[in-house]
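As structure tokens, the structure follows; a few thoughts come after it.
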Amino acid sequence: MMKPPVRVAITGGAGQIAYSLIFRVASGEMLGQDQPIILNLLEVPQALTTLKGVMMELQDCAYPLLQDVAITDDPNVAFAEIDYALLVGAAPRGPGMERADLLKINSEVFKIHGKALNEQANRKVKVLVVGNPANTNAFIAMKCAPKLDPKQFSAMMRLDHARAVNLLAAKVGVNVSAVENIVVWGNHSANQYPSIAHALVNGKAASSLVEQNWVENEFIPAVQQRGATIIKARGKSSAASAASAVVAHMRDWAMGTEKLVSVAIASDGSYDIPPGLVYSFPVTIKNGEFSIVQGLDIDKFSRSRMLVSQKELEQERDIILDLLG
Ligand code: NDP
């Protein structure tokens, strides 16, 4: 039997990632083939015409699960009674722009989105932030939505996780399904720490199958720089793979997974990461709730890499706390 429809908001609806994401969500790939969907697509006023074109294409797909689709430039309309928020839209980094400038511009966007979620969304809404700097944008939205539980906010590390799985599988010469327990710790930035310290390949310790030299000098930089490598090859940033990662992240959040996945959430102090920082941890998911996997040994090398990401996130947080006042 069909379930009652759920409302899903997608911001940055006229952008590259959304152009892949919207269709996959509407086809039922994210929430299942028995879950009707109402889509609310948000854009800035100057992109509404493009978004209208996307909406027409979506209607032409005649997806049976898609009950309704609305486009708007008002977050209070887009987020009304929504069950899922996919916050993809963010201002891109312009030429010569520093990370702090980008933070400043996007802090305004995520402040507004946090407040609108606080007032308008279903009280159980699940929020995924994709727009960069994703971890800190999630931190801002969370702080601006005090009526919602911080546990309702996450930032996307799933593409980094999948990239790490793919690169390790290719190195060892196995299918990606043979790889388990990869963890990408920290910030969705070039300072993230993709770790194979606990990874298994067909049940065998990955660290016994590859050289530490390869891990440090090839694997970690390749995962960290994968986005830039794709831009170099394609002339545009990754979009279809980012959309795929959104689908996987939300499907697991809604339906649960016993497999370890990397998700950026507010720290509860696990692994000595300062409480409240939106940091990527290894998690499993049950009944719509993330549980940080406990008890993994952190060696000296891992701790030093985790600290680099922590420090970067603390700096971003401090800039933001000044801006939020
Ligand atoms: P994309 O759809 O390509 O990317 C959207 C955001 O996702 C960017 O911040 C991008 O960061 C980020 N991102 C996170 N992870 C990844 C990843 N692994 N690979 C690629 N991107 C990733 O951007 P577009 O510029 O095509 O589209 C953005 C849209 O958002 C525009 O249409 C714009 O009008 C809209 N927008 C909407 C707002 C709103 O709804 N209020 C506010 C601001 C903008 P990065 O740039 O670092 O790649």
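The values are calculated or read from the model by the stated rules, or taken from the named source; none is laboratory data. Remember, predicted model here, so these are calculated numbers, not experimental data. Note that we place each Cβ from the backbone using ideal geometry, even for glycine, and neighbour counts take in every protein chain shown. Surface areas here come from the heavy atoms of the whole protein model, side chains and all, with no ligands, DNA or RNA. Shrake-Rupley method; radii C 1.70, N 1.55, O 1.52, S 1.80 Å.
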Could you check the simple spin-label distance between residue 81 and residue 33, using points 7 Å along Cα→Cβ, in nm with one decimal?
2.9 nm
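If each residue of separation counts as 0.36 nm, what is the full-extension length gain between residue 202 and residue 59 once their alpha-carbon separation is subtracted? Show your work: numbers first, answer last.
On the way: separation 143, 0.36 × 143 = 51.48 nm, distance 4.35 nm.
In short, 47.1 nm is gained.
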Virtual paramagnetic centre 7 Å along Cα→Cβ of residue 258, amide N under 14 Å, in region 284-305
284-287
First select every other residue whose beta carbon is under 10 angstrom from the beta carbon of residue 51; then total the charges, Lys and Arg +1, Asp and Glu -1.
-1
Please list, in chain and number order, the residues 5+ apart from residue 69 or on another chain whose amide H is under 5 Å from its amide H, with Hs placed from the backbone.
39
CD proxy at 222 nm, helix term only [per DSSP H run n ≥ 4: -39500 (n - 2.57); per residue of the chain; nearest 500]:
-12500 deg cm²/dmol
So which of 3/151; 3/124; 124/286; 151/171 end up more than 27 Å apart by C-alpha?
151/171
When the chain is treated as a GNM, springs tying every alpha-carbon pair under 10 Å, which of 246, 54, 261 comes out with the largest mean-square fluctuation?
54
With the crude spin-label approximation of a point 7 Å out along Cα→Cβ, what separation in nm comes out for residue 49 versus residue 299?
5.8 nm
What does the charge count around residue 171 come to, taking other residues whose C-beta lies under 15 Å from its C-beta (Lys +1, Arg +1, Asp -1, Glu -1)?
0
In whole percent, how big is the carbon plus sulfur part of the accessible area of region 158-315, probe 1.4 Å, protein atoms only?
48 percent
Expressed as a percent, the accessible surface of region 6-155 that is carbon or sulfur, using a 1.4 Å probe and the full set of protein chains, is 53 percent
When only the heavy atoms of the protein chains count and the probe is 1.4 Å, how do 284, 136 rank by accessible area, highest first?
284, 136
Region 98-107 - phi-based ³J(HN,Hα) in whole Hz, Karplus 6.51/-1.76/1.60, Gly and Pro as x
7, 4, 5, 5, 5, 4, 5, 5, 6, 5
The set of residues whose placed amide H lies less than 5 Å from the amide H of residue 278, leaving out same-chain residues fewer than 5 positions away, is 267
In degrees rounded to 10, the 0-90 angle between helix 16-26 Cα long axis and the longest Cα principal axis of the chain is 70 degrees
For residue 206, net neighbour charge (Lys/Arg +1, Asp/Glu -1) across residues whose Cβ lies under 13 Å away
0
Pairwise FRET efficiency - residue 100 versus residue 175, Cβ, R0 = 51 Å, nearest 0.05:
0.75
Run the simple label-point estimate for residue 322 and residue 240 please: 7 Å along Cα→C-beta, distance reported in nm.
4.3 nm
